[in-house]
Amino acid sequence: MSDICSGNGPTVVEAKINADIDDNRDPFHPDEFRGQKFMVRFDDTGGATYLEIDYRTPLGQGTHTLTHTQYGIKYKSTFGGDFEHPVGGTITVIVLGNTQKGTLTGVRVSGRSDTAPNMELTLTGTYTMVVN
């Protein structure tokens, strides 16, 4: 899903992120986007799911590659599972002005639900976000 933001010319705000839980695709189609220099959040209001990435520090201009020990993740799945413990993968963020372009590479996050105490989420894909 994408949206157009104004500023110094149009910037497409989008998230093309795949979410797989124990090798099963979890539908994630964000339609609301929020971001600051230290975090981004994507909400899928139709599916009541969200993804929040906390960089744990404001990102300045340039390229930043964060390992799983350097970022925080919160993901709510379509069936109510909560994933909050990164266990692998990297997030690379390119910051240019107030635009962040992120790439999630093999991001793995452990989680649980009421019916399954041990699950693993894998996130891959890209996003573009205009931050405050």
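The values are calculated or read from the model by the stated rules, or taken from the named source; none is laboratory data. On a predicted model such as this, the values are computed, not experimentally measured, just so you know. Cβ sites come from the backbone with ideal geometry, for glycine too, and all protein chains shown count toward neighbours.
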Filtered residue count, region 69-92, keeping only those that are assigned to a loop (DSSP other than H, G, I, E, B), buried (at least 17 other Cβ atoms within 10 Å of the Cβ) and hydroxyl-bearing (Ser, Thr, Tyr): 2
Candidate set: region 93-108, residues that are assigned to a strand (DSSP E or B) and touching a Lys or Arg at 6+ places or on another chain (Cβ under 9 Å); chosen: the one surrounded by the fewest Cβ atoms within 10 Å (Cβ to Cβ): 94
Close pairs (6 angstrom Cβ cut-off, 6 or more residues apart or separate chains): under 12 Å from residue 30 (Cβ atoms) in region 48-62, outside any strand (DSSP E or B) and β-branched (Val, Ile, Thr) anywhere: 49/78
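Go through 129, 119 for me and flag whichever is surrounded by 15 or more Cβ atoms within 10 Å (Cβ to Cβ), in contact with a Ser or Thr (Cβ under 9 Å, 6 or more places away or on another chain) and under 14 Å from residue 17 (Cα atoms).
So the residue among 129, 119 that is surrounded by 15 or more Cβ atoms within 10 Å (Cβ to Cβ), in contact with a Ser or Thr (Cβ under 9 Å, 6 or more places away or on another chain) and under 14 Å from residue 17 (Cα atoms) is 129.
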Selection within region 60-85 - touching a Lys or Arg at 6+ places or on another chain (Cβ under 7 Å) and either at pLDDT 95 or above or among the charged types (D, E, K, R) (or both): 70, 71, 72, 82, 84
Can you tell me which residues in region 9-33 are in contact (Cβ under 8 Å) with a residue 24 or more places away in the chain and among the basic types (Lys, Arg)? 16
Can you tell me which condition residue 61 does not meet? The list is (1) within 15 Å of residue 131 (Cβ to Cβ); (2) surrounded by 12 or more Cβ atoms within 10 Å (Cβ to Cβ), and all the others hold. (2)
Give just the number: which of (1) farther than 17 Å from residue 127 by Cα; (2) of a type in the set (A, V, I, L, M, F, W, C); (3) in a strand (DSSP E or B) does residue 66 not satisfy? (1)
